[in-house]
Amino acid sequence: AVPRTRILATGGASHNEKILQVLSDVFNAPVYTIDTANSACLGSAYRAIHGLVAEQNVSLADVVKLAPEPRLAVTPTAGAEEV
């Protein structure tokens with residue numbers, strides 16, 4: 001089975017639950033957040049780690065597995081997909 005869509009919200013808007021709820025309702029998907037102020041820097045850091053271990057045939061997916069799990073922030077409102 002194909003996994004359901006989920007949204008990972010980062011940045012300033014990820015702290016606004018009302019905005020997250022709109023995203024969840026529009027896309028009919030749960031929205032997750034991470035406790036990182038600057039997600040672009042976090043992504044760059046993972047790429048840098050990957051670069052350091054690339055000669056050891058470590059994939060980027062394996063490096064990113066070290067990341068903390070995102071936190072479920074909101075789920076779609078019942079019936080939102082009908083609107």
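Can you give the calculated 222 nm mean residue ellipticity of the chain, where each DSSP H run of n ≥ 4 adds -39,500 (n - 2.57) and the sum is split over every residue, rounded to the nearest 500 deg cm²/dmol?
Working: 3 runs with 31 residues, N = 83.
It comes out at -11000 deg cm²/dmol, rounded to the nearest 500.
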| said: Positive end of the dipole of the chain, charges at C-beta (+1 Lys, Arg; -1 Asp, Glu), about the Cα centre: which of Ser44, Ala67, Leu8 has its Cα farthest in that direction? | reply: Ser44
| query | What is the distance, in nm, between label points placed 7 Å from the Cα along the Cα-to-Cβ direction at Glu69 and at Ser44? | reply | 3.0
| said: Could you sort the peptides 54-67, 30-43 by per-residue average Cβ neighbour count (10 Å cutoff), highest mean leading? | reply: 30-43, 54-67
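Let me have the relative contact order for the chain, percent, based on Cα pairs under 8 Å that are six or more residues apart. The partial results should precede the final answer.
On the way: 98 pairs, mean separation 32.2, N = 83.
39 percent.
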| What ratio of Cα Rg to 2.2 N^0.38 Å holds for the chain? | 1.33
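No value in this document is a laboratory result; all are computed from the given coordinates. This structure is a prediction, so every number in the text was calculated from the model and none was measured. Neighbour counts run over all protein chains shown; Cβ positions are idealised from the backbone, glycine included.
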